[in-house]
Amino acid sequence: MQIPKGARSLSAVLNEYVLLKEQQIEFNSERSRVQALFKGLQEIVTVYQSVSNGVLGGGGDQFNAIASPVPYSSSASPSSQQIGKTRGL
């Protein structure tokens, strides 16, 4: 029985198999990380939508008031009246 000239040795086949298995493990690990990231992003979007739709108490204005920047004057510190206004007092 003759071995065809294009045939690879058993050690070459086994080395390629081991290499492919290692790549598969790395791929599966990376896929798990991406899926976890995606799930986290979906949870963030869900919370954002809940807050902006008023599910968590009071409506979207409450979230916008927290997220909106307060004008800043570098000339002096804010007075107690200005602080009361920004806190809703």
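The values are calculated or read from the model by the stated rules, or taken from the named source; none is laboratory data. All of these numbers come straight from a predicted model, not from anything done at the bench. In this analysis, Cβ positions are derived from the backbone assuming ideal geometry, glycine residues included, and neighbour counts consider all displayed protein chains.
Overview of results
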quantity: Filter result (surrounded by 10 or more Cβ atoms within 10 Å (Cβ to Cβ) and either hydroxyl-bearing (Ser, Thr, Tyr) or outside any helix (DSSP H, G or I) (or both)) within segment 9-28; calculated: TYR17
quantity: Residue among GLY84, GLY40 that alone is part of a helix (DSSP H, G or I) and modelled with pLDDT of 90 or more; calculated: GLY40
